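To keep things clear, I will list the structure first and then write my remarks on it.
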Amino acid sequence: MKVWFLGTGTSQGIPVIGSNHPVCLSNDSKDKRLRVSVWIHWDDYSYVIDCGPDFRQQMLVSKCPKLDGILFTHEHADHTAGLDDIRPFFFKQGDVPIYAQKRVLDSLKKRFDYIFTTENKYPGAPSVNVIEVKHNEPFTLGNKTVQPFIALHGGLEIMGYRIGDFAYLTDVKTIADEEVAKIKGVKVLVVSALRLAPHPTHFNLQDALDFINIVKPERAYLTHISHLMGFHEEVQKELPENVFLAYDNLEITI
Ligand SMILES: [Zn+2]
């Protein structure tokens, strides 16, 4: 299975519009981060987790040839705002499966009503095939089983996904022990780490490192990174040897 980091930035991306922060002005390509998403593919299967405002650009850069479904972590715009751009996949393949918990599906139906409507639908609008995910009910993607698990993003319940030896959790601030138990011992963990200073709704770097010490994966990758984390190259030097700052267009094999 391969995991391509389509975007590794927080909600505003890096650079932030109009910012003169040194990280936003950096020439290092690893300091340029689109909104957070990954493309997961194996055999002939191809899925993304989240579909933010940079989705179109991410699909073009990664040359993702098909889309068997989108798994959503939560409804915030930096994770969902690109949904309209599934149109080329819809035109080629038909309805695109989307996987999310009920609250997230309800939010998408409100904001993208023209995608979900069945009456007087505009011919150019895409359609989706809705699959509701419940945190204690594993489901199948292609020939693999997915174990969803929940965590809290401040007060908001968000979903992480374990697929075999890979687990993905972004926008987390707290997670219950019984949910951590579902991902203990995975080989590769992707987890969000916003910045150095504490934040009310996100892990900062130290929170993420503490969490990695509990889950104990062979390798961990940090994502959903703000410019306030610092320069990629400098932060990477300070990390434990099995922990990596992810960067856009990094592809890993699991
Ligand atoms: Zn986010």
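The values are calculated or read from the model by the stated rules, or taken from the named source; none is laboratory data. As the structure is a prediction and not an experimental result, all values here were calculated from the model. Ideal geometry is used to build each Cβ from the backbone, glycine not excepted, and the neighbour counts take in all protein chains shown.
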(message) Looking at segment 181-199 only, could you name the residues that are within 18 Å of the chain's Cα centre (by Cα) and not charged (D, E, K, R)?
(response) ILE183, VAL186, VAL188, LEU189, VAL190, VAL191, SER192, ALA193, LEU194
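If the requirement is being in contact with a strand residue (DSSP E or B) (Cβ under 7 Å, 6 or more places away or on another chain), more than 30 Å from PRO200 (Cβ to Cβ) and among the small types (Gly, Ala, Ser), which of these qualifies: GLY124, GLY142, GLY94?
On the way: GLY124 fails: in contact with a strand residue (DSSP E or B) (Cβ under 7 Å, 6 or more places away or on another chain); GLY94 fails: in contact with a strand residue (DSSP E or B) (Cβ under 7 Å, 6 or more places away or on another chain).
GLY142 is the lone residue from the list that is in contact with a strand residue (DSSP E or B) (Cβ under 7 Å, 6 or more places away or on another chain), more than 30 Å from PRO200 (Cβ to Cβ) and among the small types (Gly, Ala, Ser).
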(request) Could you please find all residues in segment 43-70 being touching a Lys or Arg at 6+ places or on another chain (Cβ under 9 Å) and within 16 Å of the ligand (Cβ to nearest atom)? (result) ASP50, GLY52, PRO53, ASP54, PHE55, GLN58
(request) Go through segment 161-210 and give me each residue that's touching a strand residue (DSSP E or B) at 6+ places or on another chain (Cβ under 9 Å), assigned to a loop (DSSP other than H, G, I, E, B) and closer than 22 Å to ASP31 by Cβ. (result) THR170, ASP171, ALA193, LEU194, ARG195, HIS202, PHE203
(message) Take the residues in segment 71-102 that are assigned to a helix (DSSP H, G or I) and within 16 Å of the ligand (Cβ to nearest atom); name whichever of them is farthest from ILE49 (Cα to Cα).
(response) ALA77
(request) Within segment 103-118, work out how many residues are part of a helix (DSSP H, G or I) and either at pLDDT below 95 or of a type in the set (A, V, I, L, M, F, W, C) (or both). (result) 5
(message) Against the condition part of a loop (DSSP other than H, G, I, E, B) and touching a residue at least 24 places away in the same chain (Cβ under 8 Å), how does VAL23 come out, does it pass?
(response) no
(request) Among the numbered conditions (1) touching a Ser or Thr at 6+ places or on another chain (Cβ under 9 Å); (2) farther than 22 Å from THR253 by Cβ, tell me where LYS2 comes up short. (result) (2)
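Let's see how each residue does on (1) away from the ligand (no atom under 16 Å from the Cβ); (2) touching a residue at least 60 places away in the same chain (Cβ under 8 Å):
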| residue | (1), (2) |
| --- | --- |
| GLY160 | no, yes |
| ALA167 | yes, no |
| GLU178 | yes, no |
| ILE183 | yes, no |
| VAL191 | no, no |
| PRO198 | yes, no |
| PHE203 | no, no |
| ILE214 | yes, no |
| GLU218 | yes, no |
(message) For segment 28-39, check the following and say yes or no: at least one residue is away from the ligand (no atom under 16 Å from the Cβ) and within 17 Å of LYS92 (Cβ to Cβ).
(response) yes
